[in-house]
Number of protein chains: 2
Amino acid sequence: MLDEARDRLAANGARLTPVRQRTLEILLESHRAMGAYEVLDRLAAEGFGRQPPVAYRALEFLVEHGLAHRLQRLNAFAACLHPGHDHAPAFLICRECDMLAELPAAPVRDALTELAAESGFQVERATIEALGLCPACAGAARP
Amino acid sequence: MLDEARDRLAANGARLTPVRQRTLEILLESHRAMGAYEVLDRLAAEGFGRQPPVAYRALEFLVEHGLAHRLQRLNAFAACLHPGHDHAPAFLICRECDMLAELPAAPVRDALTELAAESGFQVERATIEALGLCPACAGAARP
DNA sequence: GTTTGACTTGTTATCATGTAACATGAATAA
DNA sequence: TTATTCATGTTACATGATAACAAGTCAAAC
């Protein structure tokens, strides 16, 4: 995963420096949405800077290069699980257990792009996030 | 618009009190996305309370009752332009002029709901926001 | 009509999230 | 090697949001 990321970045003339790599690893390890300050704490504990911009810059960099996503509803970030494939994912956030699922959302994005185009609006980036119940929690709620 | 809002609320046993009404008016007048603190300043200048919860409570109330929307991407709020009609609107935000358009997005929502259902996820609320260029700004950019 | 209880509004205090501006250090290219 | 660009770190601040409590308002029940 990291090697793939490094290659992808090199192709764009960007570098996976230590902070950036560690930030990506932290996101990948925890495998859930993390707030910037949570990431910052981890970084600081490992000897990196302890001021907010350190985390925000690394996270922003990862998002810019498609290696992580920003979740608007949660004010949080998560590693991208399918870097490069379909880059307009939709996110499903379980309101019970906070589980996060990322799914390829080409049809949804297309519907949105087309709808916008009818008003002459050019979509560049779309945020598609749903709140609801994951299968496990839905099952538990209706026994 | 206000009368319609009042009626809709009365039907739900909720009241359009002065702060709430004024908050809705402020959103409607400016007809764009406003931060909570911007709304708060206006309210305070008109003799209402000047502490954050005053604005947040009024805004939250309006959102709860479908009279306003919260825009995750902007950390902002905007009056709902079609209260009651299709309540899963998509938002188009122009990155040049900050124009905000709200459009009925039933097809997009349906596509998302169906996609989620394939994974067993039950969508309750969806956030669909697009960043891009409005017709005016797109025209100006490509002369 | 007064009392009860739910709701509304306001406060203080604090926390969480995000960014601007600047100084220093490392990598790259001329 | 020197100029230039990019990265990292800092301080300081701006913005966004909520918890906890006190006081006022209003309608319904008695």
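The values are calculated or read from the model by the stated rules, or taken from the named source; none is laboratory data. Please read all numbers here as calculations on a predicted model, not as lab measurements. In this analysis, Cβ positions are derived from the backbone assuming ideal geometry, glycine residues included, and neighbour counts consider all displayed protein chains. Only protein heavy atoms, including side chains, enter the accessible area calculation; ligands, DNA and RNA are left aside. Shrake-Rupley method; radii C 1.70, N 1.55, O 1.52, S 1.80 Å.
Return the residue satisfying two criteria in turn: it lies in segment A:30-62 and is closer than 12 Å to A:Cys80 by Cα and more than 14 Å from chain B (Cβ to nearest Cβ), and of such residues it is nearest to DNA strand C (Cβ to nearest atom).
A:Leu59
Quick test of your reading of the structure: A:Arg73 fulfils all but one of (1) closer than 21 Å to B:Arg70 by Cβ; (2) in contact with an Asp or Glu (Cβ under 7 Å, 6 or more places away or on another chain); (3) outside any loop (DSSP other than H, G, I, E, B). Name the failing condition by number.
Checking A:Arg73 against (1) closer than 21 Å to B:Arg70 by Cβ; (2) in contact with an Asp or Glu (Cβ under 7 Å, 6 or more places away or on another chain); (3) outside any loop (DSSP other than H, G, I, E, B), the one that fails is (3).
If I ask for residues that are outside any strand (DSSP E or B), facing chain B (nearest Cβ under 7 Å) and closer than 14 Å to B:Phe121 by Cβ, which ones from segment A:111-143 would you list?
Taking segment A:111-143 as the starting set, the residues that turn out to be outside any strand (DSSP E or B) are A:111-121, A:134-143.
The next check asks that each one be facing chain B (nearest Cβ under 7 Å); those that pass are A:111-112, A:115-116, A:119-121, A:134-135, A:138.
Correct list: A:Cys134, A:Pro135, A:Ala138.
For segment B:66-76, how many residues are within 10 Å of DNA strand C (Cβ to nearest atom) and more than 14 Å from chain A (Cβ to nearest Cβ)?
0
Let's see how each residue does on (1) at pLDDT below 95; (2) in the same structural domain as B:Glu29 (by TED's automatic domain parsing); (3) open to solvent by 10 Å² or more (accessible area, probe 1.4 Å):
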residue: B:Ala55; (1), (2), (3): no, yes, no
residue: B:Glu60; (1), (2), (3): no, yes, yes
residue: B:His65; (1), (2), (3): yes, yes, yes
residue: B:Ala105; (1), (2), (3): yes, no, no
residue: B:Arg109; (1), (2), (3): yes, no, yes
residue: B:Cys134; (1), (2), (3): yes, no, no
residue: B:Cys137; (1), (2), (3): yes, no, yes
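Looking at (1) on the phi > 0 side of the Ramachandran plot; (2) within 14 Å of the chain's Cα centre (by Cα), find the lone condition where B:Gly13 falls short.
(2)
What single numbered condition from (1) away from DNA strand C (no atom under 16 Å from the Cβ); (2) buried (at least 17 other Cβ atoms within 10 Å of the Cβ) fails to hold for B:Glu118?
It is condition (2) that B:Glu118 fails.
Could you grab me the full set of residues in segment A:88-110 that are within 16 Å of DNA strand D (Cβ to nearest atom) and more than 9 Å from chain B (Cβ to nearest Cβ)?
A:Ile93, A:Asp98
Mind checking whether some residue in segment B:77-87 is within 13 Å of DNA strand D (Cβ to nearest atom) and either away from chain A (no Cβ under 14 Å) or crowded, with 20+ Cβ neighbours inside 10 Å (or both)?
Yes, segment B:77-87 contains at least one residue that is within 13 Å of DNA strand D (Cβ to nearest atom) and either away from chain A (no Cβ under 14 Å) or crowded, with 20+ Cβ neighbours inside 10 Å (or both).
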